[in-house]
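The values are calculated or read from the model by the stated rules, or taken from the named source; none is laboratory data. Predicted model only: the values in this text are computed from it and were never measured. Virtual Cβ from ideal backbone geometry, glycine too; neighbours counted across all protein chains shown.
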Amino acid sequence: MPIQRLKIYDFREVPEIKLKYTAITIIIMGIICSATIIFFLFSLAEVGNIYIGKTEETILELKKDFIRDTVNNLIAEIDNQRNIKVHLMENSAVSAAEDIEGAMGLKSSTFLNFIEKFFDETSEYEHWTVVYWDWKENRAVYDNHNMAGDTWGSTLQNMERELSVYRVLDRDDKTVLFGAKKSYLDELVKDDIANAVRNLKFNDGSYIWINEILNYEGGENYAIRKVHPNLPNTEGMYLSTDMTDIKGNHPYLTELQGVKKDGALYFSYYFKELNSDKVSRKLTYAKLYKEFDWVIAIGVYQDDIQSYVDQTNLESKKLASKLTLVLVSMFVIILFLSYFVILVVQKLHHLQSKSQLESEVNQDPLTKAGNRRSGTSELSRAFKTYKKSGASPGIMMFDVDCFKNINDTYGHAVGDAVLIEIVEVFNGVIRSSDKVIRWGGDEFLIIFYGLQPRNAIGFGNKILSIVSALQIEAKGERFSPTLSAGVAFFQETDTDFNDALKRADKSLYQAKSNGRNQVHVDL
């Protein structure tokens, strides 16, 4: 009868389940496909906006970042070169001071000759400024750049204002002040930077130019063209804010007003392209370097931007084609996956139903231990394995001592609770490979795989000890249940597992006869 019910349930339900999950899968397919189509159309629209509608704006911003960063990097390099020059001059000043201090013990006239020769004939110091103050005469007896005043105080004040690096050496009636002018160091840096700018090359035909402001109020000759790689022959020419491009714009006036107001600006005007007679609209970034009165600028021709726009449009079309191909491929994949999902879902549901049915058939509904049916199957498999390998599991049969008294005294509900608690103890000590079986009523069977006969009594007593420590509350009282256990192992003379069961049952009876709450083993 159990087998008949299992078959009727299985064959009746599977077609209905199949239709159910097929419908669910088709709905999921429809949702996925719809979402994919919506995503695809949305993506195409976004691609159109980004790569077509806003391409020019995006590229323009990138170009702006490029020219701004290029100018800022050059200004940072100017500051770096100025610091390097100061550092070098500091080292030179230290070296010069050592030489001069060594000669300060000379007589005044001899020392004067030394100073003149040192700064006039030493190439490293020929541009340096030096004042030799003779305190006997209280005046400067050597002043190569006319920096001395009427008093030493005014002289020192003039020198500190004009020199970037200097040293003051005193001994007896002599004071020597020498150093490098700020203007001299700045000219060195200007020359280095100008040469570097002339040699800079950019792939898009851009270049950096520098104008030096002479008059911040503008007008005629307000600035001089310092560096211009596109028109090198015009370097040194004077500029006017009245100059216009071919469209009538006043780029120099715009530039001057912008740097005076904000220090930097973007602006556009028309100018001849590099190495060409073509005049194009140019996006420019200019920034004032106040220390040199330099306006440093770089520009990109906006005609070049259109080529980027066209290229981006082409790329967007290619991308749209690829997305279309991807979409078609996705639909094909989704169809195959959906079919596969249907098969998998049906298989899983079938296995789940089968597992659930087997669990219901093989499980004791009260204690959730295996029932006698499952125990019989497990013992049969264990015996077959024993015949092949010779390895016998331990078969331990338990019986609750005086279980009828528990039921009679506290009721069957308490008796059921005792059985449940005992199974929980079993589950707490067994391994995952061991099997707990409710053999009938208050009788349980545990199949211990790997249990050695020499360990059987000790392990059994451990289980009995844990069970006897349980505290069951009923009718305001507490009691502790106990178990008796019999253990047996398969033997070569056994014809089937029942022979071992009989020995286990006999051992159990012996344990009860010996006084209960103990383990007996029949080897």
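With respect to Lys181, is the statement that it is touching a helix residue (DSSP H, G or I) at 6+ places or on another chain (Cβ under 6 Å), within 30 Å of Glu235 (Cβ to Cβ) and not polar (S, T, N, Q) true?
yes
On the given criteria, is Tyr285 modelled with pLDDT of 85 or more and within 20 Å of Ile213 (Cα to Cα)?
Judged against the criteria, Tyr285 is a match.
Can you confirm whether the stretch 88-98 contains a residue that is within 27 Å of Val227 (Cβ to Cβ) and modelled with pLDDT of 90 or more?
Among the residues of the stretch 88-98, at least one is within 27 Å of Val227 (Cβ to Cβ) and modelled with pLDDT of 90 or more, which makes the answer yes.
Are there any helices (runs of 4 or more DSSP H) wholly within the stretch 361-459 with 1 or more residues that are of a type in the set (Gly, Ala, Ser), and if so which? It would help to see each step written out before you state the result.
Values: elements: 372-389, 403-410, 412-429.
Here the list reads 372-389, 412-429.
Would you mind stating whether Phe271 is aromatic (Phe, Trp, Tyr) and modelled with pLDDT of 90 or more?
Working: aromatic (Phe, Trp, Tyr): yes; modelled with pLDDT of 90 or more: no.
No; evaluated as a whole, the condition is false for this residue.
Is there any pair linking a residue in the stretch 91-113 that is closer than 17 Å to Tyr166 by Cβ to one that is of a type in the set (Lys, Arg), with Cβ under 7 Å and at least six apart or on different chains, and which?
Listed pairs, sorted by first residue: Ala93/Arg167; Ala97/Arg167; Met104/Arg171; Met104/Lys174.
When only residues in the stretch 25-67 that are modelled with pLDDT of 80 or more, hydrophobic (A, V, I, L, M, F, W, C) and exposed (fewer than 15 other Cβ atoms within 10 Å of the Cβ) count, which is farthest from Gln302 (Cα to Cα)?
In this case the residue turns out to be Ile31.
Which count do you get for residues in the stretch 402-423 that are under 18 Å from Lys368 (Cα atoms) and either in contact with a Ser or Thr (Cβ under 9 Å, 6 or more places away or on another chain) or not acidic (Asp, Glu) (or both)?
The total comes to 11.
Is one or more of the residues making up the stretch 476-486 in contact with a His (Cβ under 7 Å, 6 or more places away or on another chain) and surrounded by 17 or more Cβ atoms within 10 Å (Cβ to Cβ)?
Initial filter on the stretch 476-486 (in contact with a His (Cβ under 7 Å, 6 or more places away or on another chain)): 486.
Filter once more, keeping what is surrounded by 17 or more Cβ atoms within 10 Å (Cβ to Cβ): 486.
So far as the stretch 476-486 goes, yes, one or more of its residues are in contact with a His (Cβ under 7 Å, 6 or more places away or on another chain) and surrounded by 17 or more Cβ atoms within 10 Å (Cβ to Cβ).
Among (1) within 60 Å of the chain's Cα centre (by Cα); (2) over 22 Å from Gly370 (Cα atoms); (3) in contact (Cβ under 8 Å) with a residue 12 or more places away in the chain, there is one condition Lys475 misses while meeting the rest; what is its number?
Unmet condition: (1).
Would you call Ser316 part of a helix (DSSP H, G or I), at pLDDT below 90 and surrounded by 16 or more Cβ atoms within 10 Å (Cβ to Cβ)? Can you show your working first?
Values: part of a helix (DSSP H, G or I): yes; at pLDDT below 90: yes; surrounded by 16 or more Cβ atoms within 10 Å (Cβ to Cβ): yes.
So Ser316 fits the description; yes.
Residues to consider are Ile420, Ile395; find the one that is surrounded by fewer than 18 Cβ atoms within 10 Å (Cβ to Cβ), hydrophobic (A, V, I, L, M, F, W, C) and either over 26 Å from Asn514 (Cα atoms) or modelled with pLDDT of 95 or more (or both).
Of Ile420, Ile395, the one residue that is surrounded by fewer than 18 Cβ atoms within 10 Å (Cβ to Cβ), hydrophobic (A, V, I, L, M, F, W, C) and either over 26 Å from Asn514 (Cα atoms) or modelled with pLDDT of 95 or more (or both) is Ile420.
Return the only residue of Leu483, Leu470, Leu501 being in the same structural domain as Lys404 (by TED's automatic domain parsing) and touching a Ser or Thr at 6+ places or on another chain (Cβ under 7 Å).
Leu470
Quick check on this structure: which one of Leu169, Leu156, Leu177, Leu163 is within 30 Å of Asp293 (Cβ to Cβ), aliphatic (A, V, I, L, M), in contact (Cβ under 8 Å) with a residue 40 or more places away in the chain and assigned by TED's automatic domain parsing to the domain that holds Arg82?
Testing whether each residue is within 30 Å of Asp293 (Cβ to Cβ), aliphatic (A, V, I, L, M), in contact (Cβ under 8 Å) with a residue 40 or more places away in the chain and assigned by TED's automatic domain parsing to the domain that holds Arg82 leaves just Leu177.
Among Leu501, Leu464, which is touching a Leu at 6+ places or on another chain (Cβ under 8 Å), crowded, with 21+ Cβ neighbours inside 10 Å and at pLDDT 95 or above? First the steps, then the outcome.
Values: Leu501 fails: crowded, with 21+ Cβ neighbours inside 10 Å.
After applying the criteria, what remains is Leu464.
So which of Lys384, Lys388, Lys404 ends up being free of Cβ contacts under 8 Å to residues at least 40 places away in the same chain, under 26 Å from Arg516 (Cβ atoms) and over 56 Å from the mean Cα position of the chain (by Cα)?
It is Lys404.
Okay, residues lined up against (1) modelled with pLDDT of 80 or more; (2) under 30 Å from Leu185 (Cβ atoms); (3) surrounded by 15 or more Cβ atoms within 10 Å (Cβ to Cβ):
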| site | (1), (2), (3) |
| --- | --- |
| Asn221 | yes, yes, no |
| Thr241 | yes, no, yes |
| Asn249 | yes, no, yes |
| Tyr252 | yes, yes, yes |
| Lys260 | yes, yes, no |
| Val295 | yes, yes, yes |
| Asp310 | no, no, no |
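Determine whether the stretch 506-523 contains at least one residue that is assigned to a loop (DSSP other than H, G, I, E, B), over 60 Å from the mean Cα position of the chain (by Cα) and within 22 Å of Arg381 (Cα to Cα).
Yes; the residues of the stretch 506-523 include at least one that is assigned to a loop (DSSP other than H, G, I, E, B), over 60 Å from the mean Cα position of the chain (by Cα) and within 22 Å of Arg381 (Cα to Cα).
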